[in-house]
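A.B. asks: Below you will find the structure I want to go over with you.
The values are calculated or read from the model by the stated rules, or taken from the named source; none is laboratory data. A quick note: this is a predicted structure, and the numbers were derived from the prediction, not measured. Note: ideal-geometry Cβ built from the backbone for every residue, glycine included; neighbour counts use all protein chains shown. What goes into the accessible areas is simple: the full protein's heavy atoms, side chains included, and nothing from ligands, DNA or RNA. Shrake-Rupley method; radii C 1.70, N 1.55, O 1.52, S 1.80 Å.
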Amino acid sequence: MERLAVKWTTAKNKFPDMQAAVKDLQGRKVTVGSTGENAWLAGIHEYGCRIKVTPKMRAWFARNGFPLKKGTTEIVIPERSFLRAGFDEYAEDVLEKYDGNLSAALAGGISMDKFLQGVGLELAGKIKKYARDLSNPPNASMTRERKGGSNPLVDTGGLIESISYEVE
């Protein structure tokens with residue numbers, strides 16, 4: 001039986017560079033979320049909350065032309081997930097877009113930091129878009145009147161602009 005031999009050559013063996021790039025990637029991650037003074041507000045909208053009505057609150061609503069019914073014991077802010085739902089909506093698109101960049105990062109064409117920062121920037125931008133476009137559940141009529149708009153997550157723009165990313 002005759003033995004066949006396969007011989008291959010490359011201009012440069014990139015395998016060691018790829019091993020180093022994979023090692024550099026291990027344990028690193030991109031976190032996207034809301035930061036700073038708007039993080040608490042992001043949490044309220046992301047998960048919703050119930051606020052017990054106090055006499056002081058009841059008086060504030062009445063003073064501002066929105067008297068509460070006697071039987072109202074809590075104010076309900078509904079869940080308006082924009083971080084989790086925005087990620088679910090766009091993660092696959094972002095990963096598909098950056099697939100070629102991962103190959104470049106593994107081959108040493110771009111740094112792993114630049115690759116991860118690109119993914120973070122793209123995903124944060126997509127989540128901001130998702131938050132701007134969110135319309136359900138709608139604001140209460142009092143909230144629409146006070147804000148002068150109907151988008152539940154847009155008032156001053158601070159919440160959406162607080163969405164950023166971090167490479168760890």
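A.B. asks: Within the stretch 84-105, take every residue that is of a type in the set (A, V, I, L, M, F, W, C) and open to solvent by 40 Å² or more (accessible area, probe 1.4 Å) and give me the one that is nearest to Ala131 (Cα to Cα).
C.D. replies: Result: Phe87.
A.B. asks: I need a count of the residues in the stretch 55-75 that are out of contact with any strand residue (DSSP E or B) (no Cβ under 9 Å at 6 or more places or on another chain) and open to solvent by 50 Å² or more (accessible area, probe 1.4 Å).
C.D. replies: 12
A.B. asks: In the stretch 1-52, what residues are under 13 Å from Ile163 (Cα atoms), at pLDDT 85 or above and either aromatic (Phe, Trp, Tyr) or assigned to a loop (DSSP other than H, G, I, E, B) (or both)?
C.D. replies: Trp40
A.B. asks: Output the residues belonging to the stretch 53-92 that are touching a Pro at 6+ places or on another chain (Cβ under 6 Å) and within 21 Å of Glu161 (Cβ to Cβ).
C.D. replies: Within the stretch 53-92, Arg80 is the sole residue that qualifies.
A.B. asks: Under 7 Å by Cβ, and 6 or more places apart or on different chains, what pairs join a residue from the stretch 74-93 that is touching a residue at least 24 places away in the same chain (Cβ under 8 Å) and farther than 19 Å from Ala39 by Cα with one that is part of a loop (DSSP other than H, G, I, E, B) and open to solvent by less than 30 Å² (accessible area, probe 1.4 Å)?
C.D. replies: Glu74/Val53; Ile75/Val53
A.B. asks: On to the next question. Quickly run through the stretch 34-54 and pick out the residues that are surrounded by 12 or more Cβ atoms within 10 Å (Cβ to Cβ) and without any contact (Cβ under 8 Å) to a residue 24 or more places away in the chain. Outline the logic, then answer.
C.D. replies: Just the residues of the stretch 34-54 that are surrounded by 12 or more Cβ atoms within 10 Å (Cβ to Cβ), to begin with: 34-35, 38-39, 41-49, 53.
Hits for the stretch 34-54 are Gly43, Val53.
A.B. asks: Test Leu153 against the stated conditions and say whether it is modelled with pLDDT of 75 or more and either more than 16 Å from Pro78 (Cβ to Cβ) or part of a loop (DSSP other than H, G, I, E, B) (or both). Quick ask: steps written out before the conclusion?
C.D. replies: Details: modelled with pLDDT of 75 or more: no; either more than 16 Å from Pro78 (Cβ to Cβ) or part of a loop (DSSP other than H, G, I, E, B) (or both): yes.
So Leu153 does not fit the description; no.
A.B. asks: All but one of (1) touching a His at 6+ places or on another chain (Cβ under 7 Å); (2) open to solvent by 60 Å² or more (accessible area, probe 1.4 Å) hold for Glu79; which doesn't?
C.D. replies: With (1) touching a His at 6+ places or on another chain (Cβ under 7 Å); (2) open to solvent by 60 Å² or more (accessible area, probe 1.4 Å) applied to Glu79, the lone miss is (1).
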